[in-house]
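Participant: Below is the structure I would like to discuss, written out as structure tokens.
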């Protein structure tokens, strides 16, 4: 429905940095006030937004849900993606990992093999180390482009596994005896491919379920095994 789609776009536009005024959301959506309020109250009942004192409050997870809802309602993927920021994807990925008992580090930067590397989100829960690359598809992505993205993420994940223990990185997994490093790519929407080279490509709103099921299906995905030298006990 174009009416609801316009409102969703307006909400995404006006809640990027802070709560939005109802009048601004209404004006941007070009809707009669009574229609706008009815739709907003429906979204509040669905726990997508919070209405209070003439303002609309939306957290990062709800913004991603609104974005998916807008796209499935026919909104342009690129236009919607442009209204989201990288930090929102990273925050949701981090929350999904933490909810499943992982310790989390974001924007993990390190050197290995004469190169600089960076991983968006790294989650550690013995024996798994999940390395996530957050992507905003701005159009339908081709298989060849997705392969390049996956190959880059597998290289980053392998480099991290080989670089540890690293004094510059305070990752819990470096204190384990063994670890399995799993590369994964997280996107706003489901791509045509759930796996590429056995690397999972996960819609961000399905990430919680994927992480929960990962220990059961670890043999079905690509991972790098690493055994660490034993740390000496403090004297």
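The values are calculated or read from the model by the stated rules, or taken from the named source; none is laboratory data. If you're wondering where the values come from, they're calculated on a predicted model, not measured in any experiment. Methodologically, a virtual Cβ is constructed for each residue, glycine included, from the backbone with ideal geometry; neighbour enumeration extends over all protein chains shown.
Yes/no matrix, rows are residues, columns are (1) farther than 24 Å from residue 143 by Cα; (2) modelled with pLDDT of 95 or more; (3) not assigned by TED's automatic domain parsing to the domain that holds residue 119:
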residue: 161; (1), (2), (3): yes, yes, no
residue: 169; (1), (2), (3): yes, no, no
residue: 173; (1), (2), (3): yes, no, no
residue: 177; (1), (2), (3): yes, no, no
residue: 210; (1), (2), (3): no, no, no
residue: 233; (1), (2), (3): yes, no, yes
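Participant: Determine if region 43-53 includes at least one residue that is modelled with pLDDT under 90 and outside any loop (DSSP other than H, G, I, E, B). Walk me through it before giving the result.
Facilitator: Filtering region 43-53 down to residues modelled with pLDDT under 90 leaves none.
No - not one qualifying residue is present in region 43-53.
Participant: While we're looking at this one, here's another question. Could you list, ordered by first residue, the pairs with Cβ atoms under 6 Å in which the first is in region 130-153 and assigned by TED's automatic domain parsing to the domain that holds residue 195 and surrounded by 14 or more Cβ atoms within 10 Å (Cβ to Cβ) and the second is at pLDDT 95 or above and not in a strand (DSSP E or B), at least 6 apart or interchain?
Facilitator: Here the result reads 131/157; 133/153, each pair linking region 130-153 to a residue that is at pLDDT 95 or above and not in a strand (DSSP E or B).
Participant: Do you know which residues across region 11-21 are assigned to a helix (DSSP H, G or I) and either at pLDDT below 90 or in contact with a strand residue (DSSP E or B) (Cβ under 6 Å, 6 or more places away or on another chain) (or both)? Steps first, please.
Facilitator: Residues of region 11-21 that are assigned to a helix (DSSP H, G or I), as a first pass: 11-14.
Within region 11-21, just 14 meets the criteria.
Participant: Continuing with this model, one more query. Within region 60-67, does at least one residue satisfy the condition of being part of a helix (DSSP H, G or I) and farther than 26 Å from residue 190 by Cβ?
Facilitator: Here is the first cut: in region 60-67, the ones part of a helix (DSSP H, G or I) are 60-67.
Narrowing the set further to residues that are farther than 26 Å from residue 190 by Cβ leaves none.
No, the conditions are met nowhere in region 60-67.
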